[in-house]
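Asks: Here it is, the structure, as structure tokens.
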Amino acid sequence: MRNASFLLMLLPFSVFAQTTHTVQVVGTPGGVTPAYVPANITIDLGDQIEWICNQGSHNVYAELDSFPNNPAPFNSAPTAQTSPWTYDFTFTVAGFYNYGCNGGSIQFPHWTTQQGTVTVLDPSGIAEVEGWGRVSVFPMPANGVLYVETGNRNISRCELLSADGRVMKTQIGNGSTMTIPVAELTAGAYLVRITDSDDQVLVRHFVKE
């Protein structure tokens, strides 16, 4: 069964059609708390998000100076811009993204409430990583078990981290494959930190459904 599922993951990326997801950018001085709706969204690699702002002065800011762990930077404008406006971005790098609005005033910064996340899933869970070769973390999303495969690299341990970096679980390895139970984890975005026998470290994202 596992082999059949893995073969399906090897299908070319071209079979996955792009989908556009919509996020509303809301909040006015009249009392509506600045926010993104929905604030947290999960999409597939190659999908697009369109942010639509019809009220207030806001932006979508995800540059690395504010979010250094984002897999790639993006922004609708360096500072807040008056509505109406729309902004779209196509996600070509899988992983977990944070973003926010840097508008508002010193007394009422939008940043405190207007935060969002995007989790981008690679349908294959497979990527060529420089210096490592092919690394597979699957399935995406995971349910009961997460599989990690690193080709000819020997895994000494895998650590499962929460999105904010807390170690949730550590498993010792001995070989190029590892099977990690994840059923006890709550649904959400996580990181897996892979350390090989030469103490080289690689971090990949995954989602527990």
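Asks: If r is the Cβ-Cβ distance from Asp88 to Leu64 and R0 is 25 Å, what FRET efficiency results, to the nearest 0.05?
Replies: Values: r = 20 Å, r/R0 = 0.81.
The computed FRET efficiency comes out at 0.80.
Asks: Would you give the gap between the C-alpha center of the range 163-209 and the C-alpha center of the range 26-59, rounded to a whole Å?
Replies: Here the two parts' Cα centres lie 31 Å apart.
Asks: How high is the FRET efficiency from Ala183 to Val203, r the C-beta distance, R0 35 Å, rounded to 0.05? Present the calculation step by step, with values, prior to reporting the outcome.
Replies: Values: r = 22 Å, r/R0 = 0.63.
The pair Ala183/Val203 has a calculated efficiency of 0.95.
Asks: Also, quick follow-up: Let me have the relative contact order for the range 123-208, percent, based on Cα pairs under 8 Å that are six or more residues apart.
Replies: Details: 194 pairs, mean separation 23.9, N = 86.
So the answer I get is 28 percent.
Asks: Mark the label point 7 Å from the Cα of Ala77 along Cα→Cβ and return the residues of the range 27-48 whose backbone N is within less than 16 Å of it.
Replies: The answer is 27-29, whose backbone nitrogens lie closer than 16 Å to the label point.
Asks: Identify the residues of the range 96-132 with backbone N under 18 Å of a label point that sits 7 angstrom from the Cα of Lys169 along the Cα-to-Cβ direction, or state none.
Replies: It comes to no residues whatsoever.
Asks: If I build a Gaussian network model for the chain, linking alpha-carbon pairs within less than 10 angstrom, which residue out of Glu128, Glu159, Glu149 has the largest mean-square fluctuation?
Replies: Comparing Glu128, Glu159, Glu149 in a Gaussian network model of the chain, the most mobile one is Glu128.
Asks: Here is a further query. Per residue of the range 63-68, in order, report the coupling 6.51 cos²θ - 1.76 cosθ + 1.60 (Karplus, θ = phi - 60°) as ³J(HN,Hα) in whole Hz, putting x for Gly and Pro.
Replies: Result, ordered by residue: 6, 6, 5, 9, 10, x Hz.
Asks: Cut-off is 10 Å between beta-carbons; in what order do Ile52, Ile172 appear when sorted fewest neighbours first? Walk me through the intermediate numbers first.
Replies: Details: Ile52 16, Ile172 9.
In order of increasing Cβ crowding within 10 Å: Ile172, Ile52.
Asks: For Gln48 and Ile106, what is the calculated FRET efficiency with R₀ set at 22 Å and r taken between the beta-carbons, to the nearest 0.05? Working shown, then result.
Replies: On the way: r = 34 Å, r/R0 = 1.55.
In this case the efficiency is close to 0.05.
Asks: Suppose each label sits 7 Å from its Cα in the direction of the beta carbon; what would the Glu130-Thr19 distance come out to in nanometres?
Replies: Once both label points are built, they end up 3.2 nm from each other.
Where a number appears in this text, it was derived from the coordinates with a stated rule and is not lab data. Small disclaimer: the values here were computed from a predicted structure and weren't measured. Here the Cβ is made from the backbone with ideal geometry for all residues, glycine too, and neighbour counts use every protein chain on show.
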